[in-house]
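Asks: Following this message is one structure expressed as structure tokens.
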Amino acid sequence: MNPIIKLTDNAALRIKKIMSTAEKDSLGLRVSVKSGGCAGMSYVMEYAKELNPNDEVIEDKGVKVFVDPAAVMYLIGTEMDYKEEELSSSFVFNNPNETERCGCGESFKI
């Protein structure tokens, strides 16, 4: 079975850096999806302060990513990357389940 999310080396390094400056009670990074954006759904990332009972916990390359149970079916097989460009830097989700992505890259459709 495919992992829900795979992290690239760049994503793992960035998460480690973020977590090194996070509040002490942060356990890791939580990834979820919400309705919204031009294509219908968008990715949400926030600090995980606690383990929710149905969270999927991905431990990869020395970091923990908590996946909201409602997001699992949208994220299976997704690669999470971190890209730094001249004027911006951001996490990028390479999701094989997407059928459409808006022009700005902020939202997607399954």
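Asks: Being part of a loop (DSSP other than H, G, I, E, B) and either exposed (fewer than 15 other Cβ atoms within 10 Å of the Cβ) or in contact with a Cys (Cβ under 8 Å, 6 or more places away or on another chain) (or both) is the filter here, so list the residues in region 78-99 that pass it.
Replies: Listed by number, the residues that qualify are Glu85, Glu86, Leu87, Ser88, Pro96, Asn97, Thr99.
Asks: Between a residue in region 73-97 that is without any contact (Cβ under 8 Å) to a residue 40 or more places away in the chain and any residue that is outside any strand (DSSP E or B), which pairs come within a Cβ distance under 6 Å, given they are 6 or more apart or on different chains?
Replies: Listed pairs, sorted by first residue: Pro96/Gly77; Asn97/Ile110.
Asks: Criterion first (crowded, with 17+ Cβ neighbours inside 10 Å and not in a strand (DSSP E or B)) does Ala11 satisfy it?
Replies: Yes: the conditions hold for Ala11.
Asks: Just for region 27-75: of the residues that are part of a strand (DSSP E or B) and polar (S, T, N, Q), which one is nearest to Ile5 (Cα to Cα)? So that I can check it myself, show each step before the final result.
Replies: Initially, region 27-75 is screened for residues part of a strand (DSSP E or B), giving 28-35, 41-48, 56-60, 63-67.
Remaining after also requiring polar (S, T, N, Q): 32, 35, 42.
Numbers: Ser32: 12, Ser35: 20, Ser42: 16 Å.
Step by step, filter region 27-75, then rank; the result is Ser32.
Asks: While we're looking at this one, here's another question. What single numbered condition from (1) in a loop (DSSP other than H, G, I, E, B); (2) at pLDDT 90 or above; (3) in contact with a Phe, Trp or Tyr (Cβ under 9 Å, 6 or more places away or on another chain); (4) not β-branched (Val, Ile, Thr) fails to hold for Met19?
Replies: (1)
The values are calculated or read from the model by the stated rules, or taken from the named source; none is laboratory data. The model shown is predicted, which means the values in this text are computed figures rather than measured ones. In this analysis, Cβ positions are derived from the backbone assuming ideal geometry, glycine residues included, and neighbour counts consider all displayed protein chains.
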